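Notes follow the structure.
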Amino acid sequence: NSPQDYVAAHTAARAEVGLGQVWWDQNLADYAEWWANQRRGVCGGHSGVVGYGENIFWGSAGWPWTGVDAVNTWVDEKQYYDYNSNSCWGPYGCGHYTQVVWRESTLIGCARVDCDNNLGVFIT
């Protein structure tokens, strides 16, 4: 769950499609941590902040979910992305994946919280 773990997972996914690495931004991480703490009672929800992209992950209680688990889940959506049409196909979305490999995204900040009342883990 270290910044290096999040950066390495994002950068590996981006390298698969010829994109450069991302860098850790502490201001983004501070905001992600603040938002995750706001949502620990319900264990989820997008912040809706304009100007930033955002991925969220929920994992069930009782499993030691990590930031790398979250990134890998987002990247698994690659199978539903069609590069030729720049769109998702099938019954599943691929918006989390496209967020990870968005060319203009070069800075990330992530956070993980254990939710209240054994609701699980929230990662953003």
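Derivation of every value follows stated rules applied to the coordinates shown; laboratory data play no part. Quantities reported herein were computed from a predicted structural model and do not represent experimental measurements. Using ideal geometry, Cβ is built from the backbone for each residue, glycine included, and neighbour counts are taken over all protein chains shown.
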If you take Rg and Dmax of the Cα atoms in Å from the coordinates, which of (1) 15.6, 42; (2) 14.2, 45; (3) 16.8, 56 do you get?
(2)
Relative to the longest principal Cα axis of the chain, at what angle does helix 3-15 sit, 0 to 90 degrees, rounded to 10?
20
Please identify the cysteines of the chain that lack any partner cysteine with a Cβ under 4.7 Å from their own Cβ.
110
List the relative contact order of the chain as a percent without decimals, with contacts defined as Cα pairs under 8 Å and 6+ residues apart.
40
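Mean separation of Cα pairs under 8 Å and 6+ residues apart, divided by the residue count of segment 53-124: what relative contact order is that in percent? Present the calculation step by step, with values, prior to reporting the outcome.
Working: 85 pairs, mean separation 31.7, N = 72.
Value for segment 53-124: 44 percent.
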Once every DSSP H run of n ≥ 4 in the chain is given -39500 (n - 2.57) and the sum is divided by its residues, what mean residue ellipticity at 222 nm do you get, rounded to the nearest 500 deg cm²/dmol?
-10000 deg cm²/dmol
